[in-house]
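**Student:** Just passing along the structure, written as structure tokens.
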Amino acid sequence: MKIHWLRVLVAAVLFEAVLVAITIVIAQFVAIETILPLVPVFVFVVGFPFGMWVVRKAASGFVLHGTLLGVVATLIYLGIILSQNGSLKPAVDAYGPVSFFLANALKILGCVAGSYAAGRRRQLALA
């Protein structure tokens with residue numbers, strides 16, 4: 001099984017860029033505090049198509065590719081927080097510990113679900 005690392009890295013960077021861009025647009029119209037409870041569901045939904053995209057060229061290991069995408073995207077996000085604040089505490093305080101953990105877990109699960117769905121669709125098409 002070949003891991004498509006370049007595809008994983010590109011998808012992770014694009015995933016985080018899309019999340020940042022959407023957040024900037026939404027923040028112009030609505031206070032960030034009002035959308036924070038929706039972030040866990042939002043990152044799952046946005047991660048799904050990126051999970052599908054990352055396995056387009058993969059012959060196997062669909063769930064692995066989705067997992068790697070979600071983990072790398074989460075590490076990028078955590079790196080952004082740490083570079084801006086020097087600590088995760090401001091983000092954890094803004095979301096609340098449970099929502100912060102849930103949002104990051106659902107980010108990974110959204111990518112995994114998308115890659116699983118794409119892999120499953122491909123397997124059914126071949127059957």
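The values are calculated or read from the model by the stated rules, or taken from the named source; none is laboratory data. Quick caveat: nothing in here was measured; it's all calculated off a predicted structure. We place every Cβ from the backbone using ideal geometry, glycine too, and count neighbours over all the protein chains shown.
**Student:** Only one of Thr23, Thr67 is of a type in the set (S, T, N, Q), closer than 20 Å to Tyr116 by Cα and surrounded by 13 or more Cβ atoms within 10 Å (Cβ to Cβ). Can you tell me which?
**Tutor:** Working: Thr23 fails: closer than 20 Å to Tyr116 by Cα.
Criteria check complete, one pass: Thr67.
**Student:** Phe29: over 18 Å from Leu9 (Cβ atoms), exposed (fewer than 12 other Cβ atoms within 10 Å of the Cβ) and among the aromatic types (Phe, Trp, Tyr), yes or no?
**Tutor:** yes
**Student:** Restricting to the range 46-86, name every residue that is more than 9 Å from the chain's Cα centre (by Cα), in a helix (DSSP H, G or I) and among the aliphatic types (A, V, I, L, M).
**Tutor:** Met52, Val54, Val63, Leu64, Leu68, Leu75, Ile76, Leu78, Ile80, Ile81, Leu82
**Student:** While we're on this one: List pairs: first in the range 25-51 and on the phi < 0 side of the Ramachandran plot, second of a type in the set (Phe, Trp, Tyr) and modelled with pLDDT of 95 or more, Cβ under 6 Å, 6+ apart or cross-chain?
**Tutor:** Listed pairs, sorted by first residue: Phe50/Phe15.
**Student:** List the pairs whose first member sits in the range 73-86 and is under 24 Å from Leu6 (Cα atoms), whose second member is among the basic types (Lys, Arg), and whose Cβ atoms are under 9 Å apart, counting only residues at least 6 apart or on separate chains?
**Tutor:** Final answer for the pair search is Ala73/Lys107; Thr74/Lys107; Tyr77/Lys107.
**Student:** Looking at Gly51, Gly61, which one is surrounded by 13 or more Cβ atoms within 10 Å (Cβ to Cβ) and in contact with a Cys (Cβ under 6 Å, 6 or more places away or on another chain)?
**Tutor:** Answer to the check: Gly51.
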